[in-house]
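Trainee: I'd like to ask some things about the structure below.
Every number in this text was worked out from the coordinates using simple rules, so none of it is lab data. Bear in mind the structure is a predicted one, so any value in this text is a computation, not a measurement. Counting neighbours? That spans all protein chains shown, and the Cβs are built from the backbone with ideal geometry, glycine included.
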């Protein structure tokens, strides 16, 4: 008969790896927002309002993407802290 092994707990390094992946994705989105904001400012200075609108298009969705993932990371952290108690 095989010995029964309890399920493995997620290692801290595994959780950190997931967090790192999410953080890298968020950094890319925020870098894109930063670049597009810079372009929008330049276009605004040149009074090219159509380009400003184009640069700003989709910001809401990108910010929502970042916000939701940060909320998930925060929730994961809270759950892990509760389990450690």
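Trainee: Hey, what's the per residue convex hull volume over the C-alpha atoms of the stretch 21-85, in cubic angstrom? Can you show the working numbers first?
Mentor: Working: hull volume 4.4 nm³, N = 65.
Residue-normalised Cα hull volume stands at 67 Å³.
Trainee: Would you calculate the separation in nanometres between label points at residue 33 and residue 66, each defined as 7 Å from the Cα along the Cα-to-beta-carbon direction?
Mentor: In this crude spin-label approximation the distance works out to 0.2 nm.
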